[in-house]
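Quick one: the structure is below, and I'll ask about it shortly.
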Amino acid sequence: MTAFKIVLQKVSPEKLFMGSVLLVNGGNYLYNLLLVRLLGPEVFADAALLVTLLLVLSFLGMTFQLATAKFAVLFSGTDWDAFQQLMYKYALGFGMIVGTLLFAFAENLQEVFQTESALLFKTFAAAVPLYFFMSVNRGEFQGRQNFAKLSITYQTEMWSRLVLTLGLLWFVPLSPAFLVALGIALSFIFGLIPSKVDFSSLARKIALPAQKKKRVVRFMILTAGYELTQIIINNSDVLLVKHYFDAMDAGLYASLALIGRVVYFVAWMFVMLLLPIVVQKQRDGEPTAPVLFKYVSYIAALSTSIVLICAICPELIIQLMFGEAYLAMAPLLWQYALATSLFALSNIFAYYFLSLDEYKPVVFSGLLGVSQIVLIVFFHDNLEMVVQVQIIAMVTLLVAQLIYFRQKSMTV
């Protein structure tokens, strides 16, 4: 035990956080893999839709998390207290709006996505406000680089979701899709650990100065705009496939997306580390580009490795992870991994510029996100076509980000 503590003391908080993120991603993959094995392609299509909704919610939550992280670096004292109160109020209000809309339109969503019941949407909706509170807390941990607590809140959410969902599926004789939704909703409660949400603080009379509040709102609007493009790019394909294709094809495609997105999920840990460092260096008048180059090189190396592995042995990967029922997706695996890798690289550039209050990368992502939807709407004769139009859109997005970065570098 003593030797273990010595090793931990010598490992930097950043590396511990990276290890924790890898563990969380591994746990999330195990969660999805077990759902695939337990439910089969057709039933998994509904479960995959819920996982996609969770991803959409996580992107919306990132608006609150990144804003809190940025201003945790910049604000202190009374300004920080006022800002934190403001973020909790925004989180509560926005969470109630999103949850209410999702609950009210549950029957419409059931019809659009051809699910077994509307109850799964209503169950998910009831827990939505908790997620945004959790996002504000995570943002404070991220901004203050308290990676120990940030790691714990991700671990508690992931492990509780895994254990609760499997327990419900094994022991409760109800609709599997509803039980998956219930497991996800309950995990948000555990995700608040070790956070301490002081609801009484919302009633305190304290205000952020108008100029600083304006700066906060502007950053949140920029970030929300970019997170909307993230939702479109990262989830529209799964949702459109669920709409245009039958349950079997939708389930097969969902398994493909699950494997192909591994690069993107791992890239998130670099975004978590990137933002507070860039904000701090900009505040101190230090160059920020070296930080960007560092994380881009990490993502590029990781992406190249995963795409090559997916190209060399796709059947083996799918066989080991999902079983023979999903082998039809093997030829598309490396292509989907390529599309996701290109998006992950573009994402690092976009968050870098968001840290510096630059808005044009948001516009680029928005245009390409809409273009991706349009391409899939018009070109969806088969699943291969769906994947290939995404590669075209992501190549265009990365090139646009690189050109913008070069132009900004030349004007500095």
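The values are calculated or read from the model by the stated rules, or taken from the named source; none is laboratory data. None of the values given here were measured: they were computed from a predicted structure. All Cβ positions, even for glycine, are placed from backbone atoms using ideal geometry, and neighbour counts span all protein chains on display.
Kindly establish whether Phe103 is modelled with pLDDT of 90 or more, part of a helix (DSSP H, G or I) and within 17 Å of the chain's Cα centre (by Cα).
It is false that Phe103 is modelled with pLDDT of 90 or more, part of a helix (DSSP H, G or I) and within 17 Å of the chain's Cα centre (by Cα).
If I go through the stretch 321-379 residue by residue, how many of them are of a type in the set (A, V, I, L, M, F, W, C) and farther than 24 Å from Gly40 by Cα?
Matching residues across the stretch 321-379 total 25.
Could you check the stretch 298-317 and list, in sequence order, the residues that are over 23 Å from the mean Cα position of the chain (by Cα) and assigned to a helix (DSSP H, G or I)?
Leu308, Ile309, Ala311, Ile312, Pro314, Glu315, Leu316, Ile317 - these are the residues of the stretch 298-317 that are over 23 Å from the mean Cα position of the chain (by Cα) and assigned to a helix (DSSP H, G or I).
Report, by residue number, each residue of the stretch 115-143 that is assigned to a loop (DSSP other than H, G, I, E, B), buried (at least 16 other Cβ atoms within 10 Å of the Cβ) and touching a residue at least 40 places away in the same chain (Cβ under 8 Å).
Matches in the stretch 115-143: Thr115, Ser117, Ala127.
Still on this structure, I have one more. Considering only residues that are over 13 Å from Leu338 (Cα atoms) and without any contact (Cβ under 8 Å) to a residue 24 or more places away in the chain, look in the stretch 292-311 and name the one that is surrounded by the most Cβ atoms within 10 Å (Cβ to Cβ).
Lys294
Something else: Give me the pairs: first residue in the stretch 70-81 and under 24 Å from Leu273 (Cα atoms), second residue among the small types (Gly, Ala, Ser) and assigned to a helix (DSSP H, G or I), beta-carbon distance under 6 Å, and six or more apart or on different chains, which are they?
Ala72/Gly143; Val73/Gly143
So how many residues does the stretch 337-355 have that are farther than 17 Å from Gln65 by Cα and either among the hydrophobic types (A, V, I, L, M, F, W, C) or not in a helix (DSSP H, G or I) (or both)?
Residues in the stretch 337-355 being farther than 17 Å from Gln65 by Cα and either among the hydrophobic types (A, V, I, L, M, F, W, C) or not in a helix (DSSP H, G or I) (or both): 8 in total.
Keeping to the stretch 364-389, report how many residues are in contact (Cβ under 8 Å) with a residue 60 or more places away in the chain, assigned to a helix (DSSP H, G or I) and either farther than 25 Å from Ile317 by Cα or touching a Pro at 6+ places or on another chain (Cβ under 6 Å) (or both).
Looking only at that region, the number is 9.
Within the stretch 260-281, is there a residue that is more than 18 Å from Asp357 (Cα to Cα), charged (D, E, K, R) and surrounded by 15 or more Cβ atoms within 10 Å (Cβ to Cβ)?
yes
With the requirement that a residue be crowded, with 19+ Cβ neighbours inside 10 Å and touching a Gly at 6+ places or on another chain (Cβ under 6 Å), what does the stretch 165-188 give you?
Within the stretch 165-188, Thr165 is the sole residue that qualifies.
Here's the yes/no breakdown for (1) under 20 Å from the mean Cα position of the chain (by Cα); (2) farther than 24 Å from Arg283 by Cβ:
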position: Gln142; (1), (2): yes, no
position: Trp159; (1), (2): yes, yes
position: Leu179; (1), (2): no, yes
position: Ala185; (1), (2): yes, yes
position: Lys214; (1), (2): no, no
position: Leu222; (1), (2): yes, no
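Shifting gears a bit: Among the residues of the stretch 269-287, is any at pLDDT 85 or above, within 26 Å of Asp237 (Cα to Cα) and of a type in the set (Val, Ile, Thr)?
No, the conditions are met nowhere in the stretch 269-287.
Right, another one. Considering the stretch 82-94 alone, what residues qualify as being more than 12 Å from Thr63 (Cβ to Cβ) and not hydroxyl-bearing (Ser, Thr, Tyr)?
Selection gives Ala82, Phe83, Gln84, Gln85, Leu86, Lys89, Leu92, Gly93.
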